[in-house]
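Written out below as structure tokens is the structure these notes cover.
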Amino acid sequence: MARRLMIVFFIALFAFALLPVEAGSSTGATFKLDCNGFTGSSGSVRLDRDNTRANREAFIVSATDGAGNVILEPIQDSFFVGGSVSWAGITPVKWTATPQYNPLALRIVSRAGNGFAESLIVMATGVCPGLPVYGALPEGVFYVDGDLLVRGAGLAGLPAGSTSAPVPLNGTPPRPTNPPELLQTLPAVFIVNTDNLSIRTGDGPLYSLVAVVDGGTRLIPLGRNKDYTWWYVQIGDIVGWAKAEFLILRGDATDVPVVPARGEFSQPRVYIHVDQPLYSDNDTGSLPLCTITAKQEYLVVGRDSDITWYQIQATCDGVPVNGWIPAELASIRNPSERFIPVTTG
């Protein structure tokens, strides 16, 4: 219906064509766009491009919403060169599809042909109140701008690939979420399809942990690695890396850039199963420094040559010390497979 109204409207207007002037140009043609369609406000389009070889200028009129969805199917028509067309005072032309995002954009294009290149004559924009702005970043959302990670509302940038701080030793990993309303205007989100997904400081299991998220959590994509196996994401105030195989994409992440991983590797740790003495040397006959607490992790700084003892960092009476424990009383955790040096003769 909108297509037919537009064509009739063009033909009716041509009966009032003005004198010929410059080729296919706008003389102040303005339009009002809203949720339902568009109307002409003032001005006109001059006709002086014989792009049909029939002394007629052919036009295409179309409209899209902020996400590029077509809301007015292209309408084509042509008029004799030597006049102008005005839309002022005409019945509103309705969209052929419902807009989903702002801003709305109307385009009038003079077609290519007869030696003329295609030419955009008029582009008018408008908004539909209540619709989200496609790609707009709510306050607090990060994005990658060149080599910088920038946060909405003007916070200073960090190097792209920077992440939140790792979870401290024996700390409880945060379980962040993103508010649903924060995600409605973004072009893409990921849905976590497993429980207890680790978010790390880099694109691999060797990197330190920054958070753990539940299944169903929505993640905002900020970047990716080159082979698409890990994504650089935001969840609440947490920024880190998530493994791609545990994510389901909703939306378009085509423009998400490749960013470097800048995180730190996990350090080797041991988990202590029972309270036990921490020795000054790799010998149960050496001086006990203190008793260390069970069900805790401790950083490993060394070992003996046959890996029967580990040297670990601990705190004895408020003082940081390096001491030794039997390997049989601990479980090694070294996901990055970092080399543990021999630190005893």
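Might you check whether a residue that is of a type in the set (Phe, Trp, Tyr), within 23 Å of residue 118 (Cβ to Cβ), at pLDDT below 90 and out of contact with any His (no Cβ under 8 Å at 6 or more places or on another chain) occurs anywhere in region 16-30?
no
Any idea which residue in region 272-286 is surrounded by the fewest Cβ atoms within 10 Å (Cβ to Cβ), counting only those that are farther than 13 Å from residue 328 by Cβ and not aliphatic (A, V, I, L, M)?
Per the criteria, the residue is 285.
What is the one condition in (1) under 14 Å from residue 163 (Cβ atoms); (2) out of contact with any Leu (no Cβ under 8 Å at 6 or more places or on another chain); (3) surrounded by fewer than 22 Cβ atoms within 10 Å (Cβ to Cβ); (4) among the hydroxyl-bearing types (Ser, Thr, Tyr) that residue 207 does not satisfy?
(3)
Testing residue 191 on (1) farther than 21 Å from residue 251 by Cα; (2) at pLDDT 90 or above, one condition comes back false. Which one is that?
The single condition residue 191 does not satisfy is (1).
Restricting attention to region 232-260, and to residues there that are crowded, with 16+ Cβ neighbours inside 10 Å and among the β-branched types (Val, Ile, Thr), which single residue is farthest from the chain's Cα centre (by Cα)?
That would be 238.
So which of 257, 159, 173 is of a type outside the set (A, V, I, L, M) and touching a Gly at 6+ places or on another chain (Cβ under 6 Å)?
Result: 257 is the single residue among 257, 159, 173 that is of a type outside the set (A, V, I, L, M) and touching a Gly at 6+ places or on another chain (Cβ under 6 Å).
Considering 75, 71, which residue is touching a helix residue (DSSP H, G or I) at 6+ places or on another chain (Cβ under 7 Å) and among the hydrophobic types (A, V, I, L, M, F, W, C)?
75
Among the residues of region 74-93, are any under 30 Å from residue 186 (Cβ atoms), within 37 Å of the chain's Cα centre (by Cα) and modelled with pLDDT of 85 or more? Quick ask: steps written out before the conclusion?
Keep residues of region 74-93 that are under 30 Å from residue 186 (Cβ atoms), which gives 74.
From the residues that got through so far, the ones that are within 37 Å of the chain's Cα centre (by Cα) too are 74.
So of that shortlist, the ones also modelled with pLDDT of 85 or more come out as 74.
Yes, because at least one residue in region 74-93 is under 30 Å from residue 186 (Cβ atoms), within 37 Å of the chain's Cα centre (by Cα) and modelled with pLDDT of 85 or more.
One line per residue, one yes/no per condition, for (1) in a strand (DSSP E or B); (2) modelled with pLDDT under 95:
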position: 212; (1), (2): yes, no
position: 231; (1), (2): yes, no
position: 245; (1), (2): no, no
position: 253; (1), (2): no, yes
position: 262; (1), (2): no, yes
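Of the conditions (1) more than 17 Å from the chain's Cα centre (by Cα); (2) within 25 Å of residue 100 (Cα to Cα), residue 263 clears all except one; give me its number.
Exception for residue 263: condition (2).
Tell me the residue from 291, 315, 344 that is polar (S, T, N, Q), assigned to a strand (DSSP E or B) and over 46 Å from the mean Cα position of the chain (by Cα), please.
291
Filter region 62-81 down to the residues that are closer than 17 Å to residue 113 by Cβ and free of Cβ contacts under 8 Å to residues at least 60 places away in the same chain and list them by number.
74, 76, 78
So residue 249 fits all but one of (1) closer than 30 Å to residue 142 by Cα; (2) in a strand (DSSP E or B); (3) without any contact (Cβ under 8 Å) to a residue 24 or more places away in the chain; what number is the exception?
Residue 249 satisfies all of (1) closer than 30 Å to residue 142 by Cα; (2) in a strand (DSSP E or B); (3) without any contact (Cβ under 8 Å) to a residue 24 or more places away in the chain except (3).
Any residue at all in region 58-65 that is modelled with pLDDT of 90 or more and over 37 Å from the mean Cα position of the chain (by Cα)? If you could, list the steps in order and put the result at the bottom.
Start the filter on region 58-65 by keeping residues that are modelled with pLDDT of 90 or more, which leaves 58, 60-64.
In the following step, the residues that additionally are over 37 Å from the mean Cα position of the chain (by Cα) were identified as 58.
Yes, because at least one residue in region 58-65 is modelled with pLDDT of 90 or more and over 37 Å from the mean Cα position of the chain (by Cα).
Can you tell me which residue in region 53-94 is surrounded by the fewest Cβ atoms within 10 Å (Cβ to Cβ), limited to those that are in contact with a strand residue (DSSP E or B) (Cβ under 6 Å, 6 or more places away or on another chain) and under 18 Å from residue 132 (Cα atoms)?
Selected residue: 70.
Quick one: which of 216, 202 is in a loop (DSSP other than H, G, I, E, B) and at negative phi?
202
The values are calculated or read from the model by the stated rules, or taken from the named source; none is laboratory data. Worth saying up front: this structure is predicted, and the values here are computed from it rather than measured. Glycine also receives a Cβ, built like all others from the backbone with ideal geometry; neighbour counts cover every protein chain displayed.
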